[in-house]
């Protein structure tokens with residue numbers, strides 16, 4: 001087990017939530033950090049978590065946000 005695994009297991013137990021697909025969330029954060037700006041990544045991950053907590057499908061929500069982030073630079077120019 002890695003430090004990240006230990007941390008995630010501890011956080012999930014503390015918050016009484018299921019462990020997320022870490023790669024899905026990390027990929028989303030990377031795409032937002034590169035496509036929008038770095039500070040948007042943790043804020044987007046938080047909002048993603050709220051949406052999933054309210055019942056959004058994790059894969060669908062991540063894909064939608066990744067599409068938005070990947071198209072952000074073009075839409076802002």
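All of the numbers you see were taken from the coordinates with simple rules; none came from a lab. Quick caveat, the model's predicted, so the values are computed rather than measured. Here Cβ is always computed from backbone atoms with ideal geometry, including for glycine, and neighbour counts include all displayed protein chains.
Values computed for the structure shown
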read-out	value
Enumerated helices (runs of 4 or more DSSP H) restricted to the chain, each holding at least 2 residues that are surrounded by 16 or more Cβ atoms within 10 Å (Cβ to Cβ) and either out of contact with any strand residue (DSSP E or B) (no Cβ under 6 Å at 6 or more places or on another chain) or without any contact (Cβ under 8 Å) to a residue 60 or more places away in the chain (or both)	22-35, 40-53, 58-76
Single residue of 60, 66, 44 found to be closer than 23 Å to residue 12 by Cβ and in contact with a helix residue (DSSP H, G or I) (Cβ under 9 Å, 6 or more places away or on another chain)	44
